[in-house]
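Here is the structure we will look at.
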Amino acid sequence: MKLNTTILLTFLLSLISCSMLGNDSNKSTIVGEWEWLKSTGGFAGHTITPDSTGYSEQQLHFGPDSEFLFFRADTMVTSGQYSLSKESEKIMIKYSTGDGPHLPDQWVEFNNNDTLVLRDRCADCYTSTYKRKN
């Protein structure tokens, strides 16, 4: 019985530490400045880009202190705190903007260290692609 309990505790601790390592890795990967390339989605599958919207630039900045800033051109649209979690084997980002404009929770994917994909959590919502700024 003691051996089974020891094995179970070892297994659980391994799972917890792997989960914690994954979150730290994801957080260090997302930290930085990201430039918006395009968003695709909606009921008709539209693709929008900086050129089609008239915005010269749109950026997300993620800090190591869990702070984010969202800019359109040189104007900050909103800011606040972000958190990353693992849900259904996917990475979820949640934004807290206080009284500022609300940003929806999104699934996070990295195509590589320089490409960030944020997917809204609904069937007809948008998928946005960002490139890391140097």
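Please treat every number below as a calculation from the coordinates, not as lab data. Keep in mind it's a predicted model, so treat the numbers as computed, not measured. Here the Cβ is made from the backbone with ideal geometry for all residues, glycine too, and neighbour counts use every protein chain on show.
In summary, LYS131 fulfils each of the numbered conditions (1) assigned to a strand (DSSP E or B); (2) surrounded by 17 or more Cβ atoms within 10 Å (Cβ to Cβ) with the single exception of condition (2). Taken over segment 47-58, residues that are outside any helix (DSSP H, G or I), of a type outside the set (Val, Ile, Thr) and under 12 Å from SER128 (Cβ atoms) amount to 1. For segment 39-64, a residue qualifies if it is surrounded by fewer than 15 Cβ atoms within 10 Å (Cβ to Cβ) and in contact (Cβ under 8 Å) with a residue 60 or more places away in the chain, and the qualifying residues are THR40, GLY42, PHE43. Going residue by residue through segment 19-29, is there one that turns out to be surrounded by 12 or more Cβ atoms within 10 Å (Cβ to Cβ), in contact with a strand residue (DSSP E or B) (Cβ under 6 Å, 6 or more places away or on another chain) and in a strand (DSSP E or B)? No - not one qualifying residue is present in segment 19-29. Suppose we keep only residues that are out of contact with any Ser or Thr (no Cβ under 6 Å at 6 or more places or on another chain) and in a loop (DSSP other than H, G, I, E, B) within segment 70-102. Which one would you say is surrounded by the most Cβ atoms within 10 Å (Cβ to Cβ)? If we take residues in segment 70-102 being out of contact with any Ser or Thr (no Cβ under 6 Å at 6 or more places or on another chain) and in a loop (DSSP other than H, G, I, E, B), then HIS102 is surrounded by the most Cβ atoms within 10 Å (Cβ to Cβ). Checking each residue in segment 103-116 for being more than 13 Å from the chain's Cα centre (by Cα) and either part of a strand (DSSP E or B) or among the hydroxyl-bearing types (Ser, Thr, Tyr) (or both) picks out only ASN112. Of the candidates VAL117, VAL108, the single residue that is surrounded by fewer than 16 Cβ atoms within 10 Å (Cβ to Cβ), β-branched (Val, Ile, Thr), at negative phi and in contact (Cβ under 8 Å) with a residue 12 or more places away in the chain is VAL117. Looking at (1) in contact (Cβ under 8 Å) with a residue 12 or more places away in the chain; (2) touching a His at 6+ places or on another chain (Cβ under 9 Å), can you tell me which one LEU69 breaks? With respect to (1) in contact (Cβ under 8 Å) with a residue 12 or more places away in the chain; (2) touching a His at 6+ places or on another chain (Cβ under 9 Å), LEU69 is out only on (1).
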